[in-house]
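For reference, the structure discussed in these notes is given below.
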Amino acid sequence: MQAIRRALTQRPLARALSTGSAAAPAAAASAAAPAAAASVLRPIGSRRRVALSAGEAGVLSWPPAQAVRAVDPLPATIQAWLVDFRRNEPLEILDVERSVFAAPIRTDLIHRAVTYERNKRRQGTHSSRGRSEVRGSTRKYQPQKGTGNARHGTRRAPQFVGGAKAHGPVPRSHETGIQRKVWLAALRSVLSAKYMQDQLVIADNLELESHSTGDLSRMLQTNGWCPLASTGRPASVMMLPLMGAELPAGLRNLELASRNIGGVSLMNACDAEVYEILRHDFLIMDRNALDLLQGILKPL
């Protein structure tokens, strides 16, 4: 460190001119280049910046012309299996976006998104009757003085049986707000958690040939996505296909077959929610839903 400090602070050309030595012109010319470079550097530990002189712009510029960006050593994609929905057999390996399925898991953002979604589900129709709404006379309950009791103005007061409710609930909206970027980050977090816990299944399609509930239940148990009936544990599967306005016959059969299975939910990929994905153990989506979510959730 001391050697670097001495090299930066020495000025060979200036010292030679101040001492008046009759050095050769070649030596002075060779010392001019380090002196020009030293004029734009600053000693280590010094906060003083030396301005560039005319003609020295190509020697060194401070600060740099453009910022240096760090290069991400990780690849942009990760690998996931594409399986057959009916037999759970691997078909091929897909490259999915790392920023969507391997994002940092932010539990604080997940909490905010779940609170937002559950507040939107509340009807807010709770109500109670006030003093002007309960049944009863409007006359004064008893004389103001002379009874020895507390003063009462009406029989409909909250302290009486059959009276009004003091500060009771009124119909209102429980909806809260959330930033769109926060909600998208929460959705990326739950998808990444499902991928890391090996609970994400990407199928070629979710279409069924039959609308039989028993066939779908046996298929989910055979593929290992639902516990066997003998264990007594409830199923917890979320199926997320991309459904349009008009359902094909296969997806219509899936909708009919999944209605009467407890713990098995079906939701359109366009209406995916953080809370619904989080409260199910397995998430099964088709390839169309995968492309849709990657297009929406991939950061710019």
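What to note about this one:
- The lone exception for residue 112 - which of (1) in contact with a helix residue (DSSP H, G or I) (Cβ under 8 Å, 6 or more places away or on another chain); (2) within 30 Å of residue 206 (Cα to Cα) it fails: (2)
- Verdict on residue 152 being at pLDDT 95 or above and either exposed (fewer than 14 other Cβ atoms within 10 Å of the Cβ) or farther than 30 Å from residue 295 by Cα (or both): no
- Test: residue in the stretch 178-199 that is open to solvent by less than 70 Å² (accessible area, probe 1.4 Å) and within 15 Å of residue 85 (Cβ to Cβ): no
- Pairs with Cβ under 6 Å, 6+ apart, first in the stretch 79-94 and over 21 Å from residue 219 (Cβ atoms) and in contact (Cβ under 8 Å) with a residue 12 or more places away in the chain, second among the polar types (S, T, N, Q) and surrounded by fewer than 16 Cβ atoms within 10 Å (Cβ to Cβ): 93/79
- Only residues that are more than 22 Å from the chain's Cα centre (by Cα), surrounded by fewer than 19 Cβ atoms within 10 Å (Cβ to Cβ) and not in a loop (DSSP other than H, G, I, E, B) were counted in the stretch 258-292, giving 1.
- Where residue 147 falls short, out of the listed (1) over 30 Å from residue 248 (Cα atoms); (2) of a type in the set (Ser, Thr, Tyr); (3) in contact (Cβ under 8 Å) with a residue 12 or more places away in the chain: (3)
- The set of residues in the stretch 223-257 that are within 21 Å of residue 190 (Cβ to Cβ) and either open to solvent by less than 40 Å² (accessible area, probe 1.4 Å) or hydroxyl-bearing (Ser, Thr, Tyr) (or both) comprises 225, 226, 235, 236, 237, 238, 239, 240, 241, 243.
- Taken over the stretch 169-220, the residue count meeting the criterion of being within 28 Å of residue 92 (Cβ to Cβ), in a helix (DSSP H, G or I) and free of Cβ contacts under 8 Å to residues at least 60 places away in the same chain is 5.
- Condition check for residue 290: closer than 16 Å to residue 192 by Cβ and in contact (Cβ under 8 Å) with a residue 60 or more places away in the chain: yes
- Residue 138 surrounded by 13 or more Cβ atoms within 10 Å (Cβ to Cβ), part of a loop (DSSP other than H, G, I, E, B), of a type outside the set (A, V, I, L, M, F, W, C) and modelled with pLDDT under 95: no
The values are calculated or read from the model by the stated rules, or taken from the named source; none is laboratory data. Bear in mind that the values here come from a model prediction, so they are computed numbers and not experimental data. When we count neighbours, we look across all protein chains shown, and the Cβ atoms used for this are built from the backbone with ideal geometry, even at glycine. Surface areas here come from the heavy atoms of the whole protein model, side chains and all, with no ligands, DNA or RNA. Shrake-Rupley method; radii C 1.70, N 1.55, O 1.52, S 1.80 Å.
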